[in-house]
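The values are calculated or read from the model by the stated rules, or taken from the named source; none is laboratory data. Since we're looking at a predicted model, the values are computed, not measured. Using ideal geometry, Cβ is built from the backbone for each residue, glycine included, and neighbour counts are taken over all protein chains shown. Calculation scope for accessible area: heavy atoms of the full protein, side chains included, ligands and nucleic acids excluded. Shrake-Rupley method; radii C 1.70, N 1.55, O 1.52, S 1.80 Å.
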Amino acid sequence: MAARPKYARVLLKLSGEALGRGAGEGVDLDVVRPIAGEIGEVASRGVQVAVVIGGGNLIRGNVLTKAGMTPARADNMGMLATIINGLALYDALS
């Protein structure tokens, strides 16, 4: 009989860079799939898992701002990078 999990809910914060092989390397599905597998394993034990994910593997808003882009536009691009990473993780979880 499996032991009851200590926590009913957990929050996992993933850096966008955790989804690639290095800084600025984008999304590597060979990296994403094992992460999704571990999340799925925890969820299969009855634990509710919330994931907060970054987008720094695709875009660094502060770098764009320093290069002359308006901060709002750089932030918008960072949010889109976060969505891209979320979609990659969602696909791997599915």
Scan (1) in a helix (DSSP H, G or I); (2) loosely packed, with under 12 Cβ neighbours inside 10 Å for the single condition Met77 breaks and write down its number. (2)
Identify all residues within the range 22-45 that are charged (D, E, K, R) and either in contact (Cβ under 8 Å) with a residue 40 or more places away in the chain or surrounded by fewer than 13 Cβ atoms within 10 Å (Cβ to Cβ) (or both); write none if there are none. Asp30, Arg33, Glu38, Glu41, Arg45
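When you scan the range 6-25, how many residues do you find that are part of a loop (DSSP other than H, G, I, E, B) and modelled with pLDDT of 90 or more? Talk me through it step by step, then tell me what you get.
First, pick out the residues of the range 6-25 that are part of a loop (DSSP other than H, G, I, E, B): 6-8, 15, 20-25.
If we keep only those that are modelled with pLDDT of 90 or more too, we end up with 6-8, 15.
Of the residues in that region, 4 qualify.
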Just wondering, is there one or more residues in the range 49-60 that are open to solvent by 50 Å² or more (accessible area, probe 1.4 Å), closer than 15 Å to Ala92 by Cα and either assigned to a helix (DSSP H, G or I) or touching an Asp or Glu at 6+ places or on another chain (Cβ under 9 Å) (or both)? no
Across the range 42-94, the tally of residues that are at pLDDT below 95, among the small types (Gly, Ala, Ser) and within 11 Å of the chain's Cα centre (by Cα) stands at 4
